[in-house]
1. Which one is surrounded by the fewest Cβ atoms within 10 Å (Cβ to Cβ) among residues in the range 103-146 that are near the ligand (Cβ under 10 Å from one of its atoms) and polar (S, T, N, Q)?
2. Across the range 176-202, what is the total count of residues that are more than 10 Å from the ligand (Cβ to nearest atom) and either of a type in the set (A, V, I, L, M) or more than 19 Å from GLN293 (Cα to Cα) (or both)?
3. Within the range 196-218, track down each residue that is part of a helix (DSSP H, G or I) and of a type in the set (Ser, Thr, Tyr).
4. Across the range 41-60, what is the total count of residues that are within 14 Å of the ligand (Cβ to nearest atom) and among the polar types (S, T, N, Q)?
5. Any chance you could count how many residues in the range 261-273 are in a strand (DSSP E or B) and either surrounded by fewer than 13 Cβ atoms within 10 Å (Cβ to Cβ) or aromatic (Phe, Trp, Tyr) (or both)?
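Only the coordinates and a few stated rules stand behind these numbers; no lab work does. The shown structure was predicted, so the numbers you read here are calculated from the model rather than taken from an experiment. Every residue, glycine among them, receives a Cβ derived from its backbone with ideal geometry; neighbour counts consider all protein chains shown.
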Amino acid sequence: MAQTEVATDLFGQPVPLGPRSFDPDGFLVEPTTVLNTREGDWQKRKKEWESLGIKGELGRKGRLTMTGPAASINYYYAKEKGEAPEPEKSTSAFDPALTETLYRWYVPRGGLILDPFAGGSVRGIVASLTGRHYFGIELRPEQVEENLRQGLEIAGDLKPVWVQGDALDCLPNAPEADFLFSCPPYGDLEQYSDDPRDLSNMTVDSFRDVYREIVRRAADRLRPDRFACFVVGDYRDRKTGNYRNFVSETIAAFRAADLHLYDHAILVVQVASLSMRASRAFRANRKLGKVHQNVLVFIKGDADQATRRINYPEGHLWLAPKQ
Ligand SMILES: C[S@@+](CC[C@H](N)C(=O)[O-])C[C@H]1O[C@@H](n2cnc3c(N)ncnc32)[C@H](O)[C@@H]1O
């Protein structure tokens with residue numbers, strides 16, 4: 001069936017059908033509001049990227065800790081059984097297949113991506129290998145060192161750039177960008193360092209203020225008629241176990257910087273052997289096993305202009321302005 005044919009869902013909304021052929025570069029993900037990383041195609045693509053030697057999880061001193069209600073349901077399961085829960089030890093590495101998808105959808109070839117919380121090497125290396133420039137800011141020197149090492153080894157001619165420092169200080173001197181892209185610290189869910197400028201060490205109030213200011217300074221560097229994307233998730237307060245609404249906080253921060261929420265997709269993530277543990281944990285505390293993140297896409301200026309710039313990188317300017 002051709003891609004243009006549509007069916008309607010229960011509510012009469014059009015649902016795109018047909019072969020997943022919309023992407024001329026050949027990465028097969030349907031542009032819908034659910035991005036399912038569990039699908040075979042997705043996992044295959046992720047492995048292809050990883051086979052290049054990208055190791056987004058390298059660069060951390062030791063491993064990160066997630067404890068208390070912020071932790072995964074392993075933690076609750078141990079508690080329920082009366083065992084002393086081990087602090088959760090895990091490290092989040094960014095998904096290269098998601099990165100590739102978002103670059104192809106929202107960034108013109110040759111454009112520059114600005115990332116105020118760079119973390120690992122993934123977003124930089126994928127930028128280079130898909131023909132985009134990348135400028136990442138990262139507070140931890142050991143992470144920047146590791147990223148630069150991987151960048152030299154793997155990336156193509158458009159070498160990714162990482163600078164070490166506090167995003168608050170570095171952003172005013174960052175280059176003008178065609179896309180903002182980041183995965184910020186989710187409050188204190190993962191602690192990255194003991195540097196007081198590290199957002200993951202801040203109180204709830206300071207975090208909110210500094211996060212907003214970083215978003216504002218990053219948005220200042222974004223050229224008009226361009227997209228921005230932050231991948232975020234809600235997380236639980238350590239003491240109460242209640243959710244802190246980080247998704248809304250991120251939307252409010254971009255709104256305060258005069259960008260508009262334009263797309264919002266749910267990223268379904270893989271969690272090994274979740275279902276058994278989820279039901280046990282749910283019985284103990286009514287907490288649903290969290291298997292998704294939120295992909296928030298914002299627009300600065302005009303989305304039609306931004307789209308044409310991506311579709312026709314050479315010739316978008318002849319688009320007549322809206323009446
Ligand atoms: C969500 S994490 C990165 C982990 C992530 N999954 C990734 O993409 O690799 C966010 C990063 O922000 C960095 N960070 C925290 N506060 C910062 C600040 N004020 N300026 C720059 N980077 C900061 C942390 O060191 C951490 O590497």
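1. It comes out as GLN143.
2. Number of matching residues: 6.
3. Filtering the range 196-218 down to residues part of a helix (DSSP H, G or I) leaves 199-201, 204-218.
Within the range 196-218, SER200, SER206, TYR211 qualify.
4. Selection size over the range 41-60: 0.
5. Within the range 261-273, the subset in a strand (DSSP E or B) is 261-268.
Remaining after also requiring either surrounded by fewer than 13 Cβ atoms within 10 Å (Cβ to Cβ) or aromatic (Phe, Trp, Tyr) (or both): 262.
Of the residues in that region, 1 qualify.
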